[in-house]
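Q: Take a look at the following structure, please.
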Amino acid sequence: MRRAISIYGLTFSLPLLVWQVLFFVAPLVFLVALSFWTVKNFTMRPDFDPVNWVTMYGKPVFWQAYGITFALAASASVLASLLAFPCSYAIAFKLSDRARRWAVFLMVIPFFTSYLVRVYSWQIFLSDAGIVNVLLGQIGLGPYAMLNTPGATMVGYMTLSLPLVILLQLFSLVFIDRNLIEAAHNMRCGRLRTVFEVVIPSARTGLVIAALFCFILTFGDFVSPVYLGGGDPTTLSILITDTTKSGQQWPRAAVIALTMIGTLLAVAFVAVRFAYAGQAKGARK
């Protein structure tokens, strides 16, 4: 019986394993190998030479782009979490089951359209003669330079990640034990204190995972920094494009990509460890 269950489990999980190997492990291995190749006369050669790592890590522009990318992604994660929490809280605790289902449906609708199309639509709103500046002009304000700024990039980041952050927070808040909230109210805790001392700690795992997903999506995003931010300041995704256009330096672009992957793995490890830290302690007790 044990052997049959093991064979069944292995067979059932085999497609996922093959998928991971073909579309994640194999490209990652090739990317690592590519980072040690060299380019001479616009031709790549399969040499085992760490010159690409030394060159990229020795450039100030690389570390500047890295810092900007990390700061923008971290800021987007914090901002999206702060903006999403009131919405997810209201949906979880203030709406009926039917209204909650409609709210979830409305959160999913933005994913029906292309992210690039939504970013292009923001150009119409944020341009110097766009809708926002026209409305501000009606009350004697503006025009303000909104497009091709870090603020416009952040708007694109919110367009990409905010609906997902709301959904992830909502799924965490819905499963909070209502008895804990009632007990807090019986102990004369105000609503704000209940949120900070009961709701947020109980939903910490979902809140952290939601912020993590936002960081992952925005850290590697190319569309918003280019089409809304104007490519200035340079992010790592833009630097990859510029590097490949400069003498066909695909190996150096591979160094940047591997650095991004390593950063995301490190951030994900720290975030998941923090998210489940309390549960691990409770299980040991």
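What follows is calculated from the coordinates using simple rules that are stated; it is not laboratory data. Quick caveat: nothing in here was measured; it's all calculated off a predicted structure. Positions of Cβ are generated from backbone atoms using ideal geometry, with glycine treated the same way; all protein chains shown enter the neighbour counts.
Q: Between Thr55, Thr159, Thr263, find the one with the highest GNM mean-square fluctuation for the chain; connect C-alpha pairs within less than 10 Å.
A: Thr55
Q: In whole angstrom, how long is each semi-axis of the equivalent ellipsoid of the chain, when you take the square root of 5 times every eigenvalue of its Cα gyration tensor and sort them from largest down?
A: Over the Cα atoms of the chain, the ellipsoid semi-axes are 38, 32, 18 Å.
Q: Can you give the three extents of the C-alpha atoms in the stretch 33-83 along their principal axes, from longest to shortest, in whole Å?
A: Cα extents, longest axis first: 49, 20, 17 Å.
Q: In whole Å, what are the extents of the stretch 221-276 along the principal axes defined by its C-alpha atoms, from largest to smallest?
A: 44, 28, 13
Q: Shifting gears a bit: Tell me, how many Å apart are the Cα centres for the stretch 175-214 and for the stretch 99-157?
A: So the two Cα centres are separated by 31 Å.
Q: Size of the dipole of the chain about the Cα centre, Lys and Arg at +1 and Asp and Glu at -1 on the beta carbon, nothing else charged, in debye to 20? Before the final figure, lay out each step's value.
A: On the way: 21 positive and 10 negative charges, 224 e Å.
About 1080 debye.
Q: So how long is each side of the stretch 58-162 along the principal axes, counting just the alpha-carbon atoms, biggest first, in Å?
A: 53, 45, 25
Q: Considering the convex hull of the alpha carbon atoms of the stretch 191-255, report its projected area averaged over all viewing directions, in nm², one decimal. Kindly include the intermediate steps, with their values, before the conclusion.
A: Numbers: hull surface 26.5 nm².
Averaging across all directions leaves 6.6 nm² for the Cα convex hull.
Q: Next question, about the same structure. Find the relative contact order for the stretch 60-284 and round it to a whole percent, using C-alpha pairs within less than 8 Å whose residues are 6+ positions apart. Write down the numbers at each step before the final one.
A: Working: 240 pairs, mean separation 63.4, N = 225.
Relative contact order, the stretch 60-284: 28 percent.
Q: Another question, then. Have a look at Met187, Met107, Met56 and tell me which one the Gaussian network model of the chain (Cα, springs below 10 Å) gives the largest fluctuation.
A: Met187
Q: To the nearest 500 deg cm²/dmol, what mean residue ellipticity at 222 nm is calculated for the chain from DSSP H runs of n ≥ 4 alone, each contributing -39,500 (n - 2.57), summed and divided by the residues? Walk me through the numbers on the way to the answer.
A: On the way: 15 runs with 205 residues, N = 285.
Taking each H run of at least 4 residues, the total per residue is -23000 deg cm²/dmol.
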